[in-house]
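Undergrad: Okay, here's the structure, questions in a sec.
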Amino acid sequence: MSVQRFFLPDDCFLAESVNFPPAVQNQLSRVLRLRAGDAVIALDSRGMQYHLRLVMNEQGAFSGEIISKEMNTAEPKVNLTLYVSLTQREKFELILQKGCETGVSAFQPFISLRSLIQCPDSTIKKYGRWEAILREAAEQCGRGRVPALHPPLGLEEALQAARERHALTLSAWEEEGQASLADALEDFNGKGSLGLFIGPEGGFDPTEVERMRAAGLRVFSLGKRILRMETAAILTPALVLYQLGDMDIRKP
């Protein structure tokens with residue numbers, strides 16, 4: 001069985017040991033049925049991972065004795081923020097989970113003309129669940145950090161945020177007839193963060209694409225086949241990271 005991994009708040013980490021919050025205590029003892037002496041890995045918010053040996057006190061609570069620590073090496077070298085149109089809960093949660101596994105560093109939900117969800121306030125109450133999905137996905141796939149999930153924005157606000165955050169921002173669009181992903185990334189050297197917009201079901205309205213181009217985004221095509229929104233939102237970050245060499249195990 002693989003060693004279990006847990007992202008913990010920074011105040012859980014002491015000089016020689018690690019404390020576990022109640023929810024993790026329950027998972028260790030009742031769900032995973034681990035015992036004193038078993039090995040687990042704890043991760044902090046800075047990308048450090050700690051190899052621990054479980055210790056149980058007289059009250060039956062676990063702590064972790066730090067055996068060694070190291071910087072996690074699974075984090076992507078390219079800081080990629082996925083700007084994704086708000087959609088049905090099941091689709092959005094799938095995008096979060098698979099995007100985390102792929103290597104997305106942050107998610108920025110937005111609302112455009114054709115977004116299925118038009119009221120951002122209706123999503124705020126789901127953020128606790130969504131952040132838990134990201135944390136569990138990051139633990140499962142060996143990430144060193146949990147991707148950030150930003151509050152939802154309107155499209156214009158999202159474009160402004162992209163201008164302020166990134167060295168380069170891209171957008172996939174099914175009606176783009178000339179530029180490929182390789183074209184859009186041609187002179188990007190991997191330094192600085194990267195933004196990637198994926199539109200809603202039905203795609204971006206042409207007037208929105210015009211505003212994107214005016215804001216400096218590079219619009220590209222994913223080919224002749226039309227992808228579902230959730231397919232594009234999962235596949236495209238993987239293509240971007242592969243194109244930039246981040247999925248090549250031979251590269252340091």
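The values are calculated or read from the model by the stated rules, or taken from the named source; none is laboratory data. Computed from a predicted structure; not experimentally measured. A quick note on method: Cβ atoms are made from the backbone with ideal geometry, for glycine too, and the neighbour counts reach across all protein chains shown.
Undergrad: How many residues does region 221-243 contain that are crowded, with 19+ Cβ neighbours inside 10 Å and either within 20 Å of Leu113 (Cα to Cα) or touching a Pro at 6+ places or on another chain (Cβ under 7 Å) (or both)?
TA: Here the count works out to 5.
Undergrad: Kindly establish whether Leu149 is under 21 Å from Phe204 (Cα atoms), surrounded by 15 or more Cβ atoms within 10 Å (Cβ to Cβ) and in contact with an Asp or Glu (Cβ under 8 Å, 6 or more places away or on another chain).
TA: It is false that Leu149 is under 21 Å from Phe204 (Cα atoms), surrounded by 15 or more Cβ atoms within 10 Å (Cβ to Cβ) and in contact with an Asp or Glu (Cβ under 8 Å, 6 or more places away or on another chain).
Undergrad: What is the number of the single condition among (1) within 19 Å of the chain's Cα centre (by Cα); (2) modelled with pLDDT under 95; (3) part of a loop (DSSP other than H, G, I, E, B) that Gln118 does not meet?
TA: Exception for Gln118: condition (1).
Undergrad: How do the pairs read when you match residues in region 189-215 that are at positive phi and at pLDDT below 95 with residues anywhere that are buried (at least 20 other Cβ atoms within 10 Å of the Cβ) and of a type in the set (Lys, Arg), using Cβ under 8 Å and keeping only pairs 6 or more apart or on different chains?
TA: none
Undergrad: Just wondering, is there one or more residues in region 36-49 that are under 23 Å from the mean Cα position of the chain (by Cα) and on the phi > 0 side of the Ramachandran plot?
TA: Among the residues of region 36-49, at least one is under 23 Å from the mean Cα position of the chain (by Cα) and on the phi > 0 side of the Ramachandran plot, which makes the answer yes.
Undergrad: Does at least one position in region 79-98 carry a residue that is of a type outside the set (A, V, I, L, M), over 25 Å from Gly223 (Cβ atoms), surrounded by fewer than 21 Cβ atoms within 10 Å (Cβ to Cβ) and within 12 Å of the chain's Cα centre (by Cα)?
TA: Within region 79-98 (the criterion being of a type outside the set (A, V, I, L, M), over 25 Å from Gly223 (Cβ atoms), surrounded by fewer than 21 Cβ atoms within 10 Å (Cβ to Cβ) and within 12 Å of the chain's Cα centre (by Cα)), the answer is yes, since at least one residue qualifies.
Undergrad: Something else: Within region 233-246, identify whether any single residue is among the β-branched types (Val, Ile, Thr), under 17 Å from Leu82 (Cα atoms) and touching a Phe, Trp or Tyr at 6+ places or on another chain (Cβ under 7 Å), and answer yes or no.
TA: Scanning region 233-246, I find no residue that is among the β-branched types (Val, Ile, Thr), under 17 Å from Leu82 (Cα atoms) and touching a Phe, Trp or Tyr at 6+ places or on another chain (Cβ under 7 Å), so the answer is no.
Undergrad: I'd like to know if region 63-72 contains one or more residues that are touching a strand residue (DSSP E or B) at 6+ places or on another chain (Cβ under 6 Å), outside any strand (DSSP E or B) and either under 27 Å from Val24 (Cβ atoms) or acidic (Asp, Glu) (or both).
TA: yes
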